[in-house]
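J.: Pasting a structure here, questions to come.
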Amino acid sequence: MTALPLATVPAPAPARSLTRQLLHDSGYVLLGLPLALASFVVLVAGIALSAGLAVTTLGLPVLAGTLYAARGLADIERLRLPAVLRQPRVRPEYRTPEPGAGLWRRIFVPMRDAQSWLDLAHGLVKLIVALVTFVVTVVWWAVAVAGSLYWAYDWAIPRGPDDQDLSQLLGMGDGATPRIVLNTTLGLFCLMTLPIMMRGCALLQAGFARSLLTGVAEMRNRITTLEEQKRAAVSAEASALRRLERDIHDGPQQRLVRLAMDLSRARQQLAADPDAARRTLDEAVAQTRETLDELRALSRGIAPPILVDRGLPSALAALAARALVPTELVIDPALGTPAGRLDPAVENTAYFVVAEALTNVAKHSRAASSRVEVARRVGRLEILVRDDGLGGAHLAKGHGLAGIADRVRATGGTLDVRSPAGGPTEIRAELPR
């Protein structure tokens, strides 16, 4: 039985509150100045000492120690970045000494690492950015708090007969009322724009740190990910072609060879034994129908027309209906609307994941039932195939699940298989959309 109940998609996690983000950003900027000052003092002292000892062999070990100190200070900054940038922490892979390397080779290791010099540059230049953002933060907070509460303490501020207020200089008039109105207006303006300014200062400081401390690592990780996706796509395509070749050889090709032999035999029997020729032609017609059925089945595995014409829900419903194990299908109804259609590559991959998973359930799981869940999430499509079989599924090469993993990786997604001995088995795929 195949059911299509309405799947409920949970709402995305609530965004961080404005007050909490304001405190995070302000704390990040305010703490940045003492850290920047400490980094500047330590690194300048290390560079000066290594330069002073450059005429001796002690200059190089001191420089190496300075680079290691810059690395430690950079790691502290990397720990602070996720709270502002809302991204996972990224740490570069530094060069490491080769096994059995001598003392001097170990000393030269950080000097041959480009990221070590970027850490050093960040520790030296960060003071400028931190000082500017610190001053802006302190001034904006001070004006916001003092200005918005100015009406409460204006009477307590001593003034001489010759003192002039900003309200007088701006031509707003003399007296307490223009002064309170002006200062309170400035305070409320700074108070209302405080989250924006603090966010801007925090992003300026964090963006500078990210460009030097994690930019190269993120680029390398991205290149590595793209290379893995390319290899996975090539592997998946090669596996699909091999399977298609095997299926054609074992199915339609053999039937076509037999069809040709039947037609030759019928031509020879036509004059001598018309009844035998007629029976042979009937067999040939049956072979033709079976060959067409097999070709249609193969075409569904390559590019099912129902997927192109009617979308993923209809295609998955057809898969569940043809499954040898009773399958329940729970799918997000939004995927069936024209506005909910996904990228063709994502739909093809999702269809392949479900098709291959149900094939594995039928062949190996000995399950009595299975369940397929497909739901849209923020930025991704989640697919879950669960069965009540014996378990023991894994992603080793040569198994059907390895083809699923290659397809999923080729699109930048992830695949997780949980299949303890005795079951149940859960295959969870996440595809970007």
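J.: If I filter the stretch 107-162 down to residues being among the acidic types (Asp, Glu) and at pLDDT below 90, which single residue comes out as nearest to the chain's Cα centre (by Cα)? Working first, answer last.
T.: Keep residues of the stretch 107-162 that are among the acidic types (Asp, Glu), which gives 113, 119, 154, 162.
Narrowing further to those that are at pLDDT below 90: 113, 154, 162.
Numbers: 113: 28, 154: 54, 162: 64 Å.
Per the criteria, the residue is 113.
J.: Now for a different question. Determine which single condition residue 393 fails, assuming it passes every other condition in (1) surrounded by 21 or more Cβ atoms within 10 Å (Cβ to Cβ); (2) among the aliphatic types (A, V, I, L, M); (3) within 19 Å of residue 307 (Cα to Cα).
T.: (3) is the only condition that residue 393 fails.
J.: Could you list all residues from the stretch 275-314 that are within 29 Å of residue 333 (Cβ to Cβ), surrounded by 16 or more Cβ atoms within 10 Å (Cβ to Cβ) and modelled with pLDDT under 80?
T.: Residues satisfying the conditions are 300, 301, 304, 306, 307.
J.: If you don't mind, there's one more thing I want to ask. Among the listed residues 6, 53, 43, identify the single one that is out of contact with any Asp or Glu (no Cβ under 6 Å at 6 or more places or on another chain) and at pLDDT 90 or above.
T.: 43
J.: Right, next: Taking the stated definitions as given, is residue 343 surrounded by fewer than 18 Cβ atoms within 10 Å (Cβ to Cβ), modelled with pLDDT of 85 or more and not aromatic (Phe, Trp, Tyr)?
T.: No: the conditions fail for residue 343.
J.: With the condition kept exactly as written, say whether any residue in the stretch 390-402 is assigned by TED's automatic domain parsing to the domain that holds residue 316, over 30 Å from residue 333 (Cβ atoms) and in contact with a Pro (Cβ under 6 Å, 6 or more places away or on another chain). Walk me through it before giving the result.
T.: At the first step, the residues of the stretch 390-402 found to be assigned by TED's automatic domain parsing to the domain that holds residue 316 are 390-402.
Add one more test, that the residue is over 30 Å from residue 333 (Cβ atoms), and what stays is 390-392, 394-399, 402.
Retained after the next criterion (residues that are in contact with a Pro (Cβ under 6 Å, 6 or more places away or on another chain)): 391.
Within the stretch 390-402 (the criterion being assigned by TED's automatic domain parsing to the domain that holds residue 316, over 30 Å from residue 333 (Cβ atoms) and in contact with a Pro (Cβ under 6 Å, 6 or more places away or on another chain)), the answer is yes, since at least one residue qualifies.
J.: Do we find a residue being charged (D, E, K, R), touching a helix residue (DSSP H, G or I) at 6+ places or on another chain (Cβ under 6 Å) and surrounded by fewer than 18 Cβ atoms within 10 Å (Cβ to Cβ) anywhere in the stretch 78-90?
T.: Yes, the conditions are met somewhere in the stretch 78-90.
J.: Write out, first by first residue and then by second, each pair whose Cβ atoms fall under 6 Å of each other, whose residues are 6+ apart or on separate chains, and whose first residue, in the stretch 353-376, is at positive phi while the second is surrounded by 18 or more Cβ atoms within 10 Å (Cβ to Cβ) and of a type outside the set (Val, Ile, Thr).
T.: Within 6 Å, the pairs are 366/389.
J.: May I pose another question? For the stretch 241-274, what are the residues that are at pLDDT 75 or above and not in a helix (DSSP H, G or I)?
T.: If the condition is that a residue be at pLDDT 75 or above and not in a helix (DSSP H, G or I), then 273 is the only one that fits.
J.: Of all the residues that make up the stretch 356-375, how many are out of contact with any Gly (no Cβ under 7 Å at 6 or more places or on another chain) and either of a type in the set (Gly, Ala, Ser) or modelled with pLDDT of 85 or more (or both)?
T.: Result for the stretch 356-375: 11.
The values are calculated or read from the model by the stated rules, or taken from the named source; none is laboratory data. Since this is a predicted model, take the numbers as computed values, not measurements. With ideal geometry, Cβ positions are generated from the backbone for all residues, glycine too; neighbour counts draw on all protein chains shown.
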